[in-house]
Amino acid sequence: MPTQNGLSTPEAVRRACRSGELTTQTSGLAPGFAQANLVILPRDDADDFRQFCKLNPKPCPMLEVTKPGQFSLSRLANEADLRTDLPSYRVWRDGVLTDELTDITSLWNDDLVSFLIGCSFTFEAALIKNGIPVRHVELGRNVPMFQTNLACQPAGKFHGPLVVSMRPLKPAHAILAVQITSQFPDVHGAPIHIGLPHEIGITDLQKPDFGDAVPVAADELPVFWACGVTPQAALMAARPTFAITHSPGCMFVSDLKDESLRHAETS
């Protein structure tokens, strides 16, 4: 798997984020290590969001939740700072995206709870290892992501549509990809839909709602996985007074090995 500027370890990626050297997507970086989506909310909204994640484990598999005010991690990394160690953050106020920053230290307070959610970039190493090409990695682009017509299970104020990521695969590769990714339920598991994008409300594969478009050949099927950008759609619907997320594709790169998340899918 290719790496960018020699960023082949989690520590190197996080240092590059902290220094401002890395401000773009993280797909293909630190191969073999799990990546995570980030949602940060005030304590008053944290319980509802935690329940939203529990009710929607495909798009929102929780890897770690911090205590209020805590910006370090106990499971995913020994030395990390959630305020600086992602390439780019989004700031939301009343459900509206108001800013995109590379450092959120100035916004931090002791009331904030951070949710680290599994990311499909984690299983891409397993796909590539098994000879399945991953188009956006090959092209050095962000994965294309689409808002669907499928509704998530609501919890408190949080509700909204399922967001999916798409990878074009030949039929035989699609079958193998189902078998492989079903072993990674903590990072979205098996695809939720294959082919026929209009059935889940997607009208144009070349116009993703998030990320970058990639070509889909005539002999390929678009394969769709539940995506950790789903909480951002839920934030737009729920309109909490304040929230911070990762920018789509700009993940937290953890010290957790991909293979440690491989097990039989239970849901």
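Inspect all residues belonging to the stretch 115-136 and state whether any of them is of a type in the set (Val, Ile, Thr), part of a helix (DSSP H, G or I), under 18 Å from the mean Cα position of the chain (by Cα) and more than 22 Å from residue 73 (Cβ to Cβ). Looking for residues that are of a type in the set (Val, Ile, Thr), part of a helix (DSSP H, G or I), under 18 Å from the mean Cα position of the chain (by Cα) and more than 22 Å from residue 73 (Cβ to Cβ), one finds none in the stretch 115-136, hence no.
Quick check on my filter: what residues within the stretch 73-85 are surrounded by 14 or more Cβ atoms within 10 Å (Cβ to Cβ) and not acidic (Asp, Glu)? Quick ask: steps written out before the conclusion?
Applying the first criterion (surrounded by 14 or more Cβ atoms within 10 Å (Cβ to Cβ)) to the stretch 73-85 yields 73, 76-77, 80-85.
Within the stretch 73-85, 73, 76, 77, 80, 82, 83, 84 qualify.
Answer with yes or no whether residue 65 is touching a Ser or Thr at 6+ places or on another chain (Cβ under 6 Å) and under 28 Å from residue 191 (Cβ atoms).
Values: touching a Ser or Thr at 6+ places or on another chain (Cβ under 6 Å): no; under 28 Å from residue 191 (Cβ atoms): yes.
When the stated conditions are applied, residue 65 does not pass them.
In this structure, does residue 252 turn out to be surrounded by 19 or more Cβ atoms within 10 Å (Cβ to Cβ) and either modelled with pLDDT of 95 or more or of a type in the set (Lys, Arg) (or both)? Yes: the conditions hold for residue 252.
For the structure I just gave you, tell me whether residue 47 is in contact (Cβ under 8 Å) with a residue 12 or more places away in the chain and either buried (at least 16 other Cβ atoms within 10 Å of the Cβ) or assigned to a loop (DSSP other than H, G, I, E, B) (or both).
On the way: in contact (Cβ under 8 Å) with a residue 12 or more places away in the chain: yes; either buried (at least 16 other Cβ atoms within 10 Å of the Cβ) or assigned to a loop (DSSP other than H, G, I, E, B) (or both): no.
Here the answer is no, as residue 47 does not meet what is asked.
Of note, residue 42 does not satisfy the criterion of being buried (at least 17 other Cβ atoms within 10 Å of the Cβ), touching a residue at least 24 places away in the same chain (Cβ under 8 Å), assigned by TED's automatic domain parsing to the domain that holds residue 22 and not aliphatic (A, V, I, L, M).
Exactly one residue out of 106, 120 is out of contact with any Pro (no Cβ under 6 Å at 6 or more places or on another chain) and under 19 Å from residue 56 (Cβ atoms): that is 120.
Please verify whether residue 222 is in the same structural domain as residue 137 (by TED's automatic domain parsing), crowded, with 21+ Cβ neighbours inside 10 Å and not aliphatic (A, V, I, L, M), treating the condition exactly as stated. So residue 222 fits the description; yes.
Quick check: anything in the stretch 110-123 in contact (Cβ under 8 Å) with a residue 40 or more places away in the chain, in the same structural domain as residue 66 (by TED's automatic domain parsing) and surrounded by fewer than 16 Cβ atoms within 10 Å (Cβ to Cβ)? The answer is yes; a qualifying residue exists. Inside the stretch 50-95, residues that are closer than 18 Å to residue 257 by Cα and not in a loop (DSSP other than H, G, I, E, B) make up a count of 3. Scanning the stretch 216-262 for residues being part of a strand (DSSP E or B) and under 23 Å from residue 108 (Cβ atoms) gives a total of 8. Against the test of being within 29 Å of residue 46 (Cα to Cα) and surrounded by fewer than 16 Cβ atoms within 10 Å (Cβ to Cβ), the options 151, 190 yield a single qualifying residue, 151.
The values are calculated or read from the model by the stated rules, or taken from the named source; none is laboratory data. Since the model is a prediction, treat every value here as computed from it, not as a measurement. Here the Cβ is made from the backbone with ideal geometry for all residues, glycine too, and neighbour counts use every protein chain on show.
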